[in-house]
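> Please see the structure below; I have some questions.
Derivation of every value follows stated rules applied to the coordinates shown; laboratory data play no part. Remember, predicted model here, so these are calculated numbers, not experimental data. Cβ placement follows ideal geometry from the backbone for every residue including glycine, while neighbour counts extend to all protein chains displayed.
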Amino acid sequence: MAKSSSAVLSRVIPISALLLVVLFKFQNCAPAPDMVQDFDGTGEVRIIDRWAEQKVSFLTPNLIVASDAPKVDVQGLCVGSLKGQLINYQVIELNESAEIIGGGQVECVMGGFELPLAQIHFSSCSSRLQVRATRDGDTSGFAETVLVPDCAGS
């Protein structure tokens, strides 16, 4: 028995020594690099901040709407908005005077929002309605989409 255990031991020791040498190769003894942190003092933890230039956007730049549709749901994204963030919107008839014909507020839910637009009426096949949306309190800009009547389907 003594011979077999010494034979096993004579094989295990070189293999262990080889594994130890291999593991030393992957050891990192270098000091940790200096890290620069952007700290604003609010205490909020964020993975990526200000990663999208436009915080509110619509899914499409144009939306073709049936001319007799009683209700239109316009959907968009509110990237980076806080939970419960309100989205302000306006519906503007694009003519010489650019008249505001509607508006309101909806809540950003899980990165998206939906504008339930009721009573959308187009004065002609060439008329266009612009929908503008922005985060509540944001004065830096707005997202827009244009509603176009589907006169070919009428």
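> For segment 113-133, give me the residue count where each residue is surrounded by 14 or more Cβ atoms within 10 Å (Cβ to Cβ) and not hydroxyl-bearing (Ser, Thr, Tyr).
11
> What about ASP150, is it closer than 17 Å to PRO70 by Cβ and either touching a residue at least 40 places away in the same chain (Cβ under 8 Å) or surrounded by fewer than 10 Cβ atoms within 10 Å (Cβ to Cβ) (or both)?
Yes; evaluated as a whole, the condition is true for this residue.
> Can you name every one of the strands (runs of 3 or more DSSP E) wholly within segment 70-154 that holds 3 or more residues which are more than 24 Å from the chain's Cα centre (by Cα)?
Numbers: elements: 71-78, 86-93, 99-107, 112-118, 129-135, 143-150.
Strands (runs of 3 or more DSSP E) meeting the threshold: 99-107, 143-150.
> Shifting gears a bit: Taking segment 68-116 as the region of interest, how many residues are of a type in the set (Ser, Thr, Tyr) and out of contact with any strand residue (DSSP E or B) (no Cβ under 8 Å at 6 or more places or on another chain)?
Here the count works out to 1.
> Taking the condition of being touching a Phe, Trp or Tyr at 6+ places or on another chain (Cβ under 9 Å) and aromatic (Phe, Trp, Tyr), how many residues in segment 109-141 meet it?
Qualifying residue count, segment 109-141: 1.
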